[in-house]
Amino acid sequence: MGNMRIHGIGIDIVDTARIQDSIERFGDRFLDRIFTAPEKAYCSAMSNAERNYAARFAAKEAIAKALGTGIGADLAWTDMEILRNEKGKPSAQLTGAGKAFMERNGIVEIQISLSHADNHAAANAIAIAYD
């Protein structure tokens, strides 16, 4: 497989009220543009949905930074899906243009960490590649 290397790291913090405002103002138009159906189902079922949406928003921003692509031609919002395993550990799964970018650049894994409180959500991401 070659030598492992860090392709990039990313971090982001989001004001939870900003996400709540976007949900209230734009509703499904905002949610459908940013989140996948499983993400929406998970977040909407939580008592503080805006916190969970904010954490996933932050994770997607952190992933875009770790990849070095930003959100655009090489990575769409819904190319990234933030999942949880049975113990609650978050993970990122990329599809579409995001997955193609990973493959072109030898990136085999993206590790993420999420955190949220009443007013803010934060996430970091590390993109791991092999030469």
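In this structure, K60 does not qualify as in a helix (DSSP H, G or I), at pLDDT 95 or above, of a type in the set (D, E, K, R) and surrounded by fewer than 22 Cβ atoms within 10 Å (Cβ to Cβ). Of all residue pairs spaced 6 or more apart or on separate chains, those with beta-carbon atoms under 8 Å, a first member in region 36-57 that is farther than 14 Å from S22 by Cβ and a second member that is basic (K, R) and surrounded by 22 or more Cβ atoms within 10 Å (Cβ to Cβ) are E39/R56.
Residues in region 80-118 that are hydrophobic (A, V, I, L, M, F, W, C) and either in a strand (DSSP E or B) or under 19 Å from F35 (Cβ atoms) (or both): M80, I82, L83, A92, L94, A97, I107, V108, I110, I112, L114. For region 35-56, state whether one or more residues are assigned to a strand (DSSP E or B), farther than 14 Å from G8 by Cβ and not small (G, A, S). Scanning region 35-56 turns up no residue that is assigned to a strand (DSSP E or B), farther than 14 Å from G8 by Cβ and not small (G, A, S).
Residues in region 1-25 that are outside any strand (DSSP E or B) and among the aliphatic types (A, V, I, L, M): M1, A17, I19, I23.
For region 63-72, the candidate set comprises residues that are small (G, A, S) and either out of contact with any helix residue (DSSP H, G or I) (no Cβ under 7 Å at 6 or more places or on another chain) or part of a helix (DSSP H, G or I) (or both); within that set, the residue that is surrounded by the fewest Cβ atoms within 10 Å (Cβ to Cβ) is G72. Among the residues making up region 29-57, those that are of a type in the set (S, T, Y), touching a helix residue (DSSP H, G or I) at 6+ places or on another chain (Cβ under 9 Å) and surrounded by fewer than 22 Cβ atoms within 10 Å (Cβ to Cβ) are T36, Y42, S44.
When restricted to residues that are crowded, with 18+ Cβ neighbours inside 10 Å, over 26 Å from N105 (Cα atoms) and in contact (Cβ under 8 Å) with a residue 24 or more places away in the chain, region 1-22 contains 3. Pairs only if they're at least six apart or on different chains, beta carbon under 7 angstrom, first in region 64-91 and free of Cβ contacts under 8 Å to residues at least 12 places away in the same chain, second surrounded by fewer than 19 Cβ atoms within 10 Å (Cβ to Cβ); list them, first residue then second. If the second residue must be surrounded by fewer than 19 Cβ atoms within 10 Å (Cβ to Cβ), the pairs left are I71/W77; N85/S91. Based on this model, can you work out whether L75 counts as over 20 Å from T16 (Cα atoms), modelled with pLDDT of 95 or more and touching a helix residue (DSSP H, G or I) at 6+ places or on another chain (Cβ under 6 Å)? Criteria met by L75. None of N124, N52, N85 is polar (S, T, N, Q) and at pLDDT below 95 except N85.
The values are calculated or read from the model by the stated rules, or taken from the named source; none is laboratory data. Just so you know, these numbers come straight off a predicted model, no measurement behind them. Cβ atoms come from the backbone with ideal geometry, glycine included; neighbour counts cover every protein chain shown.
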